[in-house]
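Here is the structure we will look at.
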Amino acid sequence: MSTHTGGCHCGRIQFEVDAPASDLTIIECNCSICAKKGFLHLIVPQTRFRLLDTTDKADISLYTFGTGVAKHYFCRVCGISPYYIPRSNPDGVDVSGRPLHRHRH
């Protein structure tokens with residue numbers, strides 16, 4: 001496992017996620033919201049996801065629709081959605097594979 005970091009465009013939301021160092025399983029979904037956001041999916045258990053201390057939770061907004069099970073979090077300033085709780089796996093966290101950076105093994 002390696003620690004990867006990611007976040008929103010303006011940097012107000014930052015996170016770490018523990019995932020394989022290479023050969024990440026990143027999935028492209030064609031549902032309406034993922035297609036519009038350009039979200040590429042890397043789902044990990046919640047225990048492998050951490051918001052960094054630099055993230056002010058007041059900068060995080062929530063969007064839900066339909067059943068309300070999926071929790072789409074986004075930055076209230078820049079609008080980017082770097083992670084969410086997926087309906088298909090509500091015990092996991094789905095981080096966007098686009099902004100991930102690998103930092104350490």
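Observations on the structure shown:
- Peptide packing for 24-30, 68-74 was compared via the average number of neighbouring C-beta atoms within 10 Å per residue; ordered from the highest value, the list is 68-74, 24-30.
- Residues 40, 52 arranged by fewest to most Cβ contacts within 10 Å: 52, 40
- Where only C-alpha atoms are counted, convex hull volume of segment 27-105 per residue in Å³: 113
- Computed per residue of the chain from DSSP H runs no shorter than four, each worth -39500 (n - 2.57), the mean residue ellipticity at 222 nm is -1500 deg cm²/dmol.
- Note on the chain: with a GNM built from Cα contacts shorter than 10 Å, the maximum mean-square fluctuation among 43, 85, 13 falls on 85.
- Within straight-line cross-link reach of residue 71, aspartates and glutamates at Cα separation under 15 Å, skipping those fewer than 8 residues along the same chain: 91, 94
- Contour minus Cα-Cα distance for residue 61 and residue 46 (0.36 nm per residue): 3.5 nm
- Inter-label distance, residue 24 to residue 2: 0.9 nm, where each label sits 7 Å from its Cα along the C-beta direction.
- Nearest-20 debye value, the chain charge dipole, Cβ charges on Lys, Arg, Asp, Glu: 200
- Comparing 92, 11, 66 in a Gaussian network model of the chain where C-alpha atoms under 10 Å apart are linked, the largest mean-square fluctuation is found at 66.
All of the numbers you see were taken from the coordinates with simple rules; none came from a lab. Keep in mind that what you see is a predicted model, and the values were worked out from it rather than measured. Every residue, glycine as well, gets a Cβ built from its backbone with ideal geometry; the counts of neighbours run over all protein chains shown.
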